[in-house]
Amino acid sequence: MSARQTIRRAAAAMRDGSLTSVELTRAALKAASMTESQVHAYLTLDTEGALQAAEMADSELGAGDDRGPLHGIPIALKDNMVTKGIETTCSSRILSGYVPPYSATVVERLEEGGAVITGKTNLDEFAMGSSTEHSAFGPTRNPWDTDRVPGGSSGGSAVTVAVGSALGALGSDTGGSVRQPASLTGVVGMKPTYGLVSRYGLIPFASSLDQIGPFTRTVADAVDVLSVIAGHDPHDATSIPGSVPNLDAGLGRGLDGVKVGVVSEMQRDETEPAVRGAVANIIEQMEANGAKVQEVSLPSFEYALSAYYLIAPAEASANLARFDGVRYGNRVDGANVADMMSKTRADGFGAEVIRRILLGTYALSAGHFDAFYGQALKVRSLVRRDLDAAYEDVDVLVGPTSPTTAFELGAKTADPLTMYLTDVFTIPANLSGHPAISVPVGLDEAGLPIGFQVMAPALGEPTLFQVAEAVESIAAFDQEPELAGSLA
Ligand code: GLN
């Protein structure tokens, strides 16, 4: 029995009596024990809690108390979502040992839905990064080639799904941190419309951009996870009031008559030829399957990355002010309060986090505010305007998720700009708040996964999933990483 299977299949098997949640959870935990020394996806594995939750799920399901699609399903959580009683670190020394007194809304919803929480996964410190190398607790490795990164910042969550040490996982996507690692590890990763999923209990990086989203093996599984975690939450002032769109309304409807825009600015020469080829091939087949394809130009995309790297650090510099050695986490003593705070922060934060705080503080400071932050906000409006105008003509926009496949550990850590450039295609949807998804469509010549991105207008999730599912069935991607010692 392997936990490398879809949520839908496992859920059906649990209901026809051919599988128990305890068996499935044991399989996921066994996959973790066989792969963790090679990939380091988990920071905390809650073996005991998971098995208890699985036993509970089995007895509830046995008694006819069905809590929905995730009942009894092992799910992993990025370690920037607070979990009552379970250490939550954000992969930062400043929070190591921190045990939150409450759980994030997404965690409560998963628990109410009967999900089995397997543990907390590795990330770039405070979700700042694209490779999971900026973790205070060591990098996560890509199961397709352990000399390579899994992408980031939610690299740990992506890898749990890729190796089957969870059937689904949650990540957070501020500039691409769900979609890019999904692309680099061959799984599905989705960022919902801003405000569709509560951020309450997600330790903030850049609050106007942060959004929690699912990693799964299939598009239909992503629908199931999102259906459990989405919905209004009075604890999050930016959460969208009213009911959630009918997320599976488009599943099975194919591409007939769907208007697809191919973003010219996402067909850049810098993109690896294998990625460009795979994306072009899928688009051709979408057309053959009934989609109406047209080229769309979004000129403001060229400036989106620069705007993001002002807005996100600016918000981060304000959000991370709370880590002062007084309210949360660890403290280094000093001669006086100011000295204590400065020593605590110098010791507790890693280099990338400090870089972002400095950048953000500078961008917000008097005399620079209009030139940097103010300009970036204007670009953000332009991106949103360009996208909204495009969606008057097309239902979805498509392109690559990432310009490259997985790169080697250490390849980009010395030059932050090259690391930032890996987000060039994912950032526009964060700036606009629109939903977007990455679907695995093939492997490059080195055997590394390639992701295809679909974007849709605000609350366009039903169409997004419809098109993503069609892409998934066109690509028919069914390869698995062959990690030494892992379960087939
Ligand atoms: N890689 C981007 C950054 O470093 C995005 C991170 C994220 O989405 N959390 O800011």
Computed on Cα atoms only, the convex hull of region 290-379 has an orientation-averaged projected area in nm² of 9.4
Per 10 Å bin, what is the whole-percent P(r) computed from every C-alpha pair distance within region 330-413? 13, 20, 27, 26, 10, 3, 0
Grab the other residues whose beta carbon is less than 12 angstrom from that of G277, score K and R as +1, D and E as -1, and report the net. -3
Sites A335 and S207, calculated FRET efficiency, Cβ-Cβ separation with R0 25 Å, nearest 0.05: 0.15
Restricting things to alpha carbons, tell me how big region 88-176 is in terms of Rg and Dmax, in Å. 13.2, 39
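Determine, for each peptide in 209-220, 470-481, the mean count of other beta carbons within 10 angstrom over its residues, then list the peptides with the highest first.
Numbers: 209-220: 26.0, 470-481: 18.0.
In descending order of packing, they fall as 209-220, 470-481.
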On each of the three principal axes of the Cα atoms of region 387-472, give max minus min coordinate, whole Å, ordered largest first. 41, 26, 17
Hull-based mean projected area of region 1-98, where the convex hull spans the alpha carbons, in square nanometres: 6.9
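Given +1 on the Cβ of Lys and Arg, -1 on the Cβ of Asp and Glu, and no further charges, what dipole in debye does the chain carry about its Cα centre, rounded to the nearest 20?
Working: 35 positive and 59 negative charges, 171 e Å.
Using only the charged Cβ atoms, the result is roughly 820 debye.
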Square roots of five times the C-alpha gyration tensor eigenvalues of region 116-155, ordered largest first and given in whole Å, equal 16, 14, 8
Among K259/K378; K30/K120; K378/K412; K191/K259; K191/K378, the pairs whose Cα-Cα distance exceeds 26 Å are K259/K378; K378/K412
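When N counts the residues of region 212-315, how does its alpha-carbon radius of gyration compare numerically with 2.2 N^0.38 Å, as a ratio? Kindly include the intermediate steps, with their values, before the conclusion.
On the way: Rg = 17.9 Å, N = 104, 2.2 N^0.38 = 12.8 Å.
Ratio of Cα Rg to 2.2 N^0.38 Å: 1.39.
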Please give the peptides 304-313, 74-83, 138-147, 434-443 ranked by average Cβ packing (other Cβ atoms within 10 Å per residue), highest first, as a rough proxy for protection. 74-83, 434-443, 304-313, 138-147
What share of Cα pairs, in percent, lie more than 28 angstrom apart in the chain? 48
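Please report, in whole Å³, the volume per residue of the convex hull around the C-alpha atoms of region 169-260. Before the final figure, lay out each step's value.
Working: hull volume 11.1 nm³, N = 92.
Each residue corresponds to 121 Å³ of Cα convex hull volume.
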Counting only residues 5 or more apart in sequence or on a different chain, those whose built amide H sits under 5 Å from that of Y42 are N122
Calculated log₁₀ intensity ratio I(q)/I(0) where the Debye formula runs over C-alpha points of region 26-166, q = 0.09, 0.12, 0.18 Å⁻¹: -0.26, -0.46, -0.97
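Over all directions, how big on average is the projection of the convex hull of the alpha-carbon atoms in region 281-329, in square nanometres?
On the way: hull surface 27.1 nm².
The orientation-averaged projected area of the Cα hull of region 281-329 comes to 6.8 nm².
Can you give the convex hull volume of the alpha carbon atoms of region 259-410 per residue, in Å³? Walk me through the numbers before you get to the answer.
Numbers: hull volume 24.6 nm³, N = 152.
Enclosed volume per residue, from the Cα hull, is 162 Å³.
Coordinate-derived values only; no laboratory data. Given the structure is predicted, the values throughout are model-derived calculations rather than measurements. With ideal geometry, Cβ positions are generated from the backbone for all residues, glycine too; neighbour counts draw on all protein chains shown.
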